[in-house]
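Down below is the structure, laid out as structure tokens.
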Amino acid sequence: MKKVYLETFGCQMNVSDSERVATSLAAGGFEVTPDEDSADIVLINTCSVREKAEHKLYTRVGRIRNFRSVKPVIGVMGCVAQLEGETLFNKIEGLDFVIGTKAVGRVTNAIEKVLDGESYVTDLGEREQDYDWSVADAQRHSRYVGFVPIIEGCNKFCTYCIVPFSRGREVSLPASKIVRNVLELRRQGVKEIHLIGQNVNSYRPTTDSGLELFRGATPFSRLLRAVAATGIERIKFNTSFPRDFHADIVDAINEHENLCNWVHLPVQSGSDRVLKLMKRGHTIDSYFKKIDKLKDSNRDVALTTDIIVGFPGETDADFEATKRAVEYCGFDSAYIFKYSPRPGTPAFQMKDDVSIGEKKLRFIELEQVQKRTQRVRLQRYLGKKVQVLAEKTSSRDPNDITGHSTCHKLVNFQGSQALIGNLIDVRIREIKANSLFGEVC
Ligand code: 5AD
Ligand code: SF4
């Protein structure tokens, strides 16, 4: 049996794609191995959202080629594969096959062609009508957490972003299929599901099937209520888009205990001028209104965000506005990125006029503001009881169990292995930089 080593970079959608590819490889007679050195085939699932992520691919393949006495079959899938297509064969020596983002259902065919002696195997074709979105129990990244794609692609075309080009236009999955998938995961013992997509709030299926019984101002809030009705213990969703994030989503969270109290709402900048250049479709005031509504919720909803510093034309005053926005919102955590020009995007045509040094300085400064506000913000958990899904033994201390709270904090606590897979009430005793520490109540 040929062994495949699958390596994944990038977002949750890539993790989810890899889970489904692993499922089809196992069903197609391959062994999916965690041991890279003994693998006959190495398949890299790539990310192109920033230049750094893309470069990782080139260094990785070079290393595989140089360190193995017999070169394995090497394949590339994901966003870089979709964007570069056949040109990757010129850029990467020793590459055998390239699979686009919609062709993941045909990975086994591509590998078989290579094993039959074909070179430069490329599939950038469309998704099959009857594509199977389910994941085998053994191939999930976690036994207790399941990723459930609800929408793929993106129609927003934020000017810095490569995703609409690498993942194509928005296509929503039928609600009936999503609900069936969630029920199956529940049957398999999964406790928490993440409804995933580049912009989940834009969810708009072609039929009402599966949503008929559920009210709501948008198909997404109706889907939240439909998924909540499955009775699965915990539901999280990611990523939200401010313009499409409607108050009704907060109402749904207020109504259903199993809709978790965590919202990831990327702001990207605190300056209206920059937001306009980014074509985000929201102003900072409209964003603050959504944050206010979330803060008014009767649940303590944790807020997280993404921010880009050093976008073309970003002035000191724009950057100051971003710092003020961070202070106003009080995010529980924030992912901060230095702007990275992506060929093919509209922003690539703009003058990248904030120097690398200035981007670095702004990154460090914003990180400090975030750390400071975060430290204050997280104090509210001290002494509080939070519900944690015990996911695994901590890699730092074998006596500790690690998992996530409903508010999506990483929580460590002392406890026996027998707790793993259960929802445990934990009292928070210590606030650390990127996690919480507590004891079983
Ligand atoms: N440069 C820097 N950061 C980017 N992101 C997306 N595109 C770029 C880019 N070209 C960030 C955004 C997005 C997150 C997933 O990655 O903040 O929300
Ligand atoms: Fe990229 Fe904007 Fe779409 Fe998010 S909403 S994936 S940032 S284009």
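Summary of computed values
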{"quantity": "Ratio Rg/Rh, restricted to the chain and using Cα atoms, in which Rh is the Kirkwood radius", "calculated": "0.96"}
{"quantity": "Taking R273, R243 and counting other C-beta atoms within 10 Å, the order from fewest to most", "calculated": "R273, R243"}
{"quantity": "Over 30 Å between alpha carbons, listed pairs K177/K385; K177/K276; K295/K338; K2/K177; K236/K323", "calculated": "K177/K385; K177/K276; K2/K177"}
{"quantity": "Whole-angstrom Cα spans of region 195-251 along principal axes, big to small", "calculated": "26, 26, 20"}
{"quantity": "Cα principal axis extents for region 34-76, largest first, Å", "calculated": "31, 18, 15"}
{"quantity": "Mean Cβ neighbour count within 10 Å, used as a protection proxy, ranking 64-75, 231-242 highest first", "calculated": "231-242, 64-75"}
{"quantity": "Length-normalised contact order of the chain in % [C-alpha pairs under 8 Å, at least 6 apart]", "calculated": "10"}
{"quantity": "Ranked list, fewest to most other Cβ atoms within 10 Å of each Cβ, for M278, M350", "calculated": "M350, M278"}
{"quantity": "Value of relative contact order over region 1-114, rounded to a whole percent, pairs C-alpha under 8 Å and six or more apart", "calculated": "26"}
{"quantity": "Theoretical gain in end-to-end length, K56 to N422 [0.36 nm per residue, Cα-Cα removed]", "calculated": "128.1 nm"}
{"quantity": "Cα-based convex hull volume of region 213-323 per residue, rounded to whole Å³", "calculated": "94"}
{"quantity": "Compactness of region 268-334, expressed as Rg and Dmax over alpha-carbon positions, Å", "calculated": "12.2, 40"}
{"quantity": "Ranked by how many other beta carbons lie within 10 Å on average, peptides 428-435, 80-87 from highest", "calculated": "80-87, 428-435"}
{"quantity": "Mean Cβ neighbour count within 10 Å, used as a protection proxy, ranking 298-310, 395-407, 258-270 highest first", "calculated": "258-270, 298-310, 395-407"}
{"quantity": "Theoretical ellipticity at 222 nm over the chain - DSSP helices of four or more residues, -39500 (n - 2.57) apiece, nearest 500", "calculated": "-10000 deg cm²/dmol"}
{"quantity": "Region 57-97 - Debye-derived log10 I(q)/I(0), Cα point model, q = 0.15, 0.20, 0.27, 0.32 Å⁻¹", "calculated": "-0.33, -0.57, -0.97, -1.24"}
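No value in this document is a laboratory result; all are computed from the given coordinates. Quick caveat: nothing in here was measured; it's all calculated off a predicted structure. Every residue, glycine among them, receives a Cβ derived from its backbone with ideal geometry; neighbour counts consider all protein chains shown.
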